Amino acid sequence: MCRWATELERNHLFTPVILRLMLKRLYLACLLTLPVIAQITAMRPSFSDFPVKEVFHGKPAAPNLITKGELMFRTRIRIGANVPVEFAGHYTLPRWGCGTGCNEFVIVDSMTGKAYDVPFALAELPFSWVEKHGGDALKRMDYRPDSRLLKINACPNEKDCGLYDYVMVDGEGLKLLRKELLPSEFQPKE
């Protein structure tokens, strides 16, 4: 046995009782931090939580435009709908600008051509919040062809700035799953 170990044993630094006590405290510390870690990682749903069975790869159907808003932006919608599937297995998300740092969009079913209006425009998150949180802007809209989850990181209609999670429900449109508003100091002043 090495010399320092025997000296430590003599000084009672590593007695079995102390070792058990240290291990218990370490175990307790781990148990107490697990819920915090789980909460941080589980706050927003994952794209894999909302998978689709298959992704449509056929020729996109022409959009069936009915509402006044859809007809007003028919060219942008038709161009945006004539691309490979972007979202939820068989949808595209035609988008167009509505001013600096703002966009509007609709959801178009590539198989049927049905268009789903979205009742809000998306303004960017406040730069002060982005800067405070690392300086890297989140994507205003985040989506995948193989997931029904749509993450929106924006200020809908230039208010209620926050992080929104929606799920696409076939035949109905978007359903809000979760929203996390930014603190009031980052909300637009009215």
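All of the numbers you see were taken from the coordinates with simple rules; none came from a lab. All values reported here derive from a predicted model rather than from experimental measurement. So basically every Cβ, Gly included, is an ideal-geometry build from the backbone, and we count neighbours across all protein chains shown.
In what sequence do Thr112, Thr75 fall when counting other Cβ within 10 Å, fewest first? Write down the numbers at each step before the final one.
Working: Thr112 13, Thr75 10.
Starting with the residue having the fewest Cβ neighbours, the order is Thr75, Thr112.
Given the peptides 126-139, 76-89, arrange them by the average over their residues of other C-beta atoms within 10 Å, most packed first.
Details: 126-139: 12.3, 76-89: 18.6.
Per-residue Cβ counts within 10 Å, averaged per peptide and sorted highest first, yield 76-89, 126-139.
Give me the orientation-averaged projected area of the Cα convex hull of region 104-190, in nm², one decimal.
On the way: hull surface 24.9 nm².
Mean projected area of the Cα convex hull: 6.2 nm².
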For region 47-186 (alpha-carbon point model, no solvent) the Debye-based log₁₀ I(q)/I(0) at q = 0.21 Å⁻¹ works out to -1.29
The lysines whose Cα lies under 28 Å from the Cα of Lys175, excluding any fewer than 8 residues away in the same chain, are Lys53, Lys59, Lys68, Lys114, Lys139, Lys151, Lys159, Lys189
With each pseudo-label sitting 7 Å past Cα toward Cβ, what's the Asp49-Asn103 distance in nm, one decimal?
-> 2.4 nm
Given 5 Å bins starting at zero, what is the percent of C-alpha pairs of region 65-137 in each, up to the one with the largest pair distance?
-> 3, 16, 23, 19, 14, 10, 8, 5, 1
